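Let me begin by presenting the structure, written as structure tokens, before commenting on it.
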Amino acid sequence: MPVNQSLTGNAWQFRLVHVHPKELGTTHDQSEAPSDLIGRDVPATVPGQVHVDLLREGLIVDPTIGLNEKQVLWTGRADWTYQTTLAVDQATLDHEHVELCFDGLDTFAEVVVNGTTIGRTRNMHRRYRLDAKAALHLGDNDLTVRFAAPLPEIWQAEERQGPLPRQGGGSNPTQPHNAVRKMSCDMGWDWGPATPTSGIWRDVRLEAWSTGRLGDVRPIVTSAMDNEATVAIHADVEGRGTATAKLTSPDGVVFESKDGVITVDEPQLWWPWTHGDQPLYDLQVELHDGHAVLDRRTHRIGLRTVELITDSDADDAQWPVDGIANGSRMELRINGRSVYCKGANWIPDDVYPARVDRDRYRERLKQAASANMNMVRIWGGGLYESDGFYELCDEMGLMVWQDFLFACAAYSELDEVADEVEAEARDNVSRLCRHPSLVLFNGNNENLWGHRDWHFRGQSWPDSIGSRGWGAKYYFDVLPSAVADLAPGVPYWPGSPSNGGTLADFERTDRHPNDNEHGNRHIWNVWHGPGHYLGYVGHSPRFCSEFGFHGQPTWPAIEQSVPEDQRRWYSPTMRSHNKNGYDGTIGDGQDKSTTRLSDDFLVPDDFDEWLYLTQVAQARAMTVSLGWFRSLFPYNNGILIWQLNDCWPGSSWSLIDLDTHGIGRCKPAWYAVQRGFAPRVCNVMPRATQPLTGWDDDAGPLRAYLHNDHDAAWSGALRLRHITLAGDTLAETAVDFALAARSSHQIDVPDAWTATRRPDSFVLAEPDGGERSFWWFAADRDINSPTPRYTTTVDGERVTVTAETLVRDLCFFAERVDPAVASDSNCITLLPGEQHTFVASGDVPETSALTIPPVLRCVGRSTFDAE
């Protein structure tokens, strides 16, 4: 049998070998390495990254705290050497092949065994198998991995390739992240810091084998019906041998392969969790040489098929909202059934991905599913995540949209890049395609849009690029070919956003890659200006794969990362932790947050109130945007929010923040999304696609849009009320409704209610068995709303609030009394006489603080004692 010797438990150490001078373009880097660190041996964790070990040993400051980021930028100019002693026995050496296997090296590495170089790497995103047999001897062997400094390597690569357009922002916006195959956001992005690092960031092991070995196993589900499913088993074999396979059902029934195909009778199909169960089958593949078993692989797989439907609408297609043009849809079908995609974009969950373990994946993905999401999109400026991520998505029923790793830039097509891209693509498609949760491969993030519209150093992308390749070869040839060859059961899409199709289709000037009527769309002209979150109303994407709105993190993240004397809106630390436009000198991101806050509110002087209102603004933006997009169903078939998670404690578009201990807490916007993505919703929205820029615009007549995203029918009565801010009912009506499964229905709000547009009133829609909805006629700052009043009672972990007046956006920030405590709900609006109970998780301290600001607070009254 083969030898598989893990090296993660070895005694590893690393040392700083050399720090290069500051390179051209790193103007923000004025940092210096500690003089006593060069040549010093530091205990290393493998898998790991140098920053993680330096932090553990107290040799650098935490770059996620205060302004420390700037003090550790020198690490990107540093050469490092990892070393361990590798014990090898005679049984290992007797095998025909002895290989060192690295699942991830970050990034520019030379692997040396007993003084002999056995391999060099230039790609963070690939696995490597290096022939070590000739370099090894019996007993103890020296294994050294030398990492060249990433920043000099990046600039040298750009010099060879020639500058190509790039964007990304962050602390080092000039870094050419597109010149090499390293995690782009490692260089800084508009939501995270620059933390260029190095290290053995995934598992490493010694493998020895003879005759033959199994590589990746790719089970391709060719059909999945209620009575029968078929799975074609593709196994990579190196050397010689015969592969056999068997599949064991969750009930213990065994199905054997015949000619590489397994037929399953009465299969238990895998579904997204919002559509069914997630039964997983145990697949075992063995490689035989006669009666001897040479190698074995075991995986858990799901039986499902995926289709991406992009056909054109019928000429007479009818849509729920007036003024929508026909086009071509983007719709996913699982096992032949249409699935409405509700989810968010995923970025690396830490500035140092080696710190993200399976437990952290599980917690974050549970937070996604708890928000009624059924999809996560892994964004193209990050990573192909570790196996545990996809395994958990398989178990939870969360669909995965996987970007290939190209983001906001043009990419060289010279051989040194093209060869790496093809090897990387085939490696990761082969590794990931067995997962039933993987439902889409996507070619890039915003590069097609950038080529059409964006500028670089004062020139359009095409003018800047000239006759050089810019990545189209990858998106329309290399990547789809890899998917077709290795994962024919997974659809491919050329870009986000995109209309789909071929390169010739992309080059058509009559159809923009970020078009409303075709394919998928990113909507960024709301947050980035010029308007209010009401600006989402009027956009009509077929599938919206990116849009978002900023909000500050929760208090524990602020408390841990922002020194007390810096807790001012425009302090240097607050500016630095808002990378949306931050250039090191001005707080552009803070200015933008202030502007978006002022769309609804008077700008407060109090720092705590400022934080709260930015969170409320984000939550309201989610409520309006999700409500509008769901009102477009079935014209719209997907909503993916930017972004689910965060990589450090900063202001960003995330729904879940991250503190300095790796704990992610849900912002108020997460709770709004949980309601907005509920299976059954009713949203009061305009009847037509007229662009809105704020409350001053007349939205026109309103309509209540019911969406039943459930397998069971939904019926009952919809109660519509026109109510003053003082709580008086001006008019009301009730309408019966009956919706089939996975369907929508519209009911008009009486025209008279909206004709006068009374700023001191709102419309409320309350459906039996579904989430209710409000439509407001004016911004808070423009109306004389009654001072909110409520009473409270506390019973252990339960805090009950009874409203005496209208109470908007009531939040229970339980984490402010104990960082380990969280609330089950937030951003609740109550009418006079209504009651809501917040339930806290964990041990809730007995304190009067539970019922007063900043723990319990609402819009319009931030400092008062509970009655």
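The values are calculated or read from the model by the stated rules, or taken from the named source; none is laboratory data. Since this is a predicted model, take the numbers as computed values, not measurements. Virtual Cβ from ideal backbone geometry, glycine too; neighbours counted across all protein chains shown. All accessible areas refer to the heavy atoms of the entire protein, side chains included, with ligands and DNA or RNA removed. Shrake-Rupley method; radii C 1.70, N 1.55, O 1.52, S 1.80 Å.
Can you work out which of the residues in the range 354-391 that are of a type in the set (Ser, Thr, Tyr) and open to solvent by 30 Å² or more (accessible area, probe 1.4 Å) is farthest from Asn637 (Cα to Cα)?
Applying the filter and picking the extreme gives Ser386.
Filter the range 679-698 down to the residues that are surrounded by 18 or more Cβ atoms within 10 Å (Cβ to Cβ) and either at pLDDT below 95 or under 12 Å from Thr623 (Cβ atoms) (or both) and list them by number.
Hits for the range 679-698 are Val681, Asn683, Val684, Met685, Thr689, Leu692, Trp695.
Go over the candidates Thr75, Thr84, Thr8, Thr26 one by one and state the one that is modelled with pLDDT under 95 and over 30 Å from Ala557 (Cβ atoms).
Checking each option against the conditions leaves just Thr8.
Restricting the search to the range 592-627, which residues are closer than 15 Å to Ser652 by Cα, among the basic types (Lys, Arg) and modelled with pLDDT of 95 or more?
Selection gives nothing.
Among the residues of the range 280-296, which ones are part of a strand (DSSP E or B) and surrounded by 18 or more Cβ atoms within 10 Å (Cβ to Cβ)?
The answer is Tyr281, Leu283, Val285, Glu286, Leu287, Leu294, Asp295.
Just need a number here: residues in the range 493-517 that are outside any loop (DSSP other than H, G, I, E, B) and open to solvent by 30 Å² or more (accessible area, probe 1.4 Å).
Count: 3.
Residues that are open to solvent by less than 30 Å² (accessible area, probe 1.4 Å) and either touching a helix residue (DSSP H, G or I) at 6+ places or on another chain (Cβ under 9 Å) or among the hydroxyl-bearing types (Ser, Thr, Tyr) (or both): list the strands (runs of 3 or more DSSP E) wholly contained in the range 1-111 that include at least 2 such residues.
12-19, 41-44, 78-88, 97-102
The rows are residues; the columns are (1) over 30 Å from Ala371 (Cα atoms); (2) not β-branched (Val, Ile, Thr).
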| position | (1), (2) |
| --- | --- |
| Ala232 | yes, yes |
| Ala243 | yes, yes |
| Thr248 | yes, no |
| Glu266 | yes, yes |
| Tyr281 | no, yes |
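If I filter the range 750-768 down to residues being open to solvent by 50 Å² or more (accessible area, probe 1.4 Å) and among the charged types (D, E, K, R), which single residue comes out as nearest to Ala699 (Cα to Cα)?
Checked the range 750-768; the qualifying residue nearest to Ala699 (Cα to Cα) is Arg757.
How about the range 305-371: which strands (runs of 3 or more DSSP E) wholly inside it have at least 3 residues that are not hydrophobic (A, V, I, L, M, F, W, C)?
Strands (runs of 3 or more DSSP E) meeting the threshold: 341-346.
Pairs please, first residue from the range 238-266 and open to solvent by less than 50 Å² (accessible area, probe 1.4 Å), second anywhere and in a loop (DSSP other than H, G, I, E, B), Cβ atoms under 7 Å, 6+ apart in sequence or on different chains.
Gly241/Thr211; Ser249/Gln268; Val264/Leu303
Taking the condition more than 24 Å from the chain's Cα centre (by Cα) and either under 24 Å from Met399 (Cα atoms) or part of a helix (DSSP H, G or I) (or both), does Thr594 pass?
Against the criterion (more than 24 Å from the chain's Cα centre (by Cα) and either under 24 Å from Met399 (Cα atoms) or part of a helix (DSSP H, G or I) (or both)), Thr594 qualifies.
Go through the range 782-819 and give me each residue that's within 34 Å of the chain's Cα centre (by Cα) and more than 30 Å from Leu706 (Cα to Cα).
Residues satisfying the conditions are Glu797, Arg798, Val799, Phe813, Ala814, Glu815, Arg816, Val817, Asp818, Pro819.
What pairs can you find where one residue is in the range 721-749 and farther than 16 Å from Leu702 by Cβ and free of Cβ contacts under 8 Å to residues at least 12 places away in the same chain, the other is in a strand (DSSP E or B) and open to solvent by less than 70 Å² (accessible area, probe 1.4 Å), and their Cβ atoms are less than 8 Å apart, with a gap of 6+ or different chains?
As it stands, the answer is Thr729/Arg721; Thr729/His722; Thr729/Ile723, since those pairs meet every condition given.
Could you please let me know if Val478 is in contact with a helix residue (DSSP H, G or I) (Cβ under 8 Å, 6 or more places away or on another chain), farther than 17 Å from Gly495 by Cβ, in a helix (DSSP H, G or I) and of a type in the set (A, V, I, L, M)?
Considered against the rule, which asks whether it is in contact with a helix residue (DSSP H, G or I) (Cβ under 8 Å, 6 or more places away or on another chain), farther than 17 Å from Gly495 by Cβ, in a helix (DSSP H, G or I) and of a type in the set (A, V, I, L, M), Val478 comes out as no.
Return the total of residues in the range 456-490 being farther than 30 Å from Ile220 by Cα and either open to solvent by less than 20 Å² (accessible area, probe 1.4 Å) or not charged (D, E, K, R) (or both).
So the count comes out to 12.
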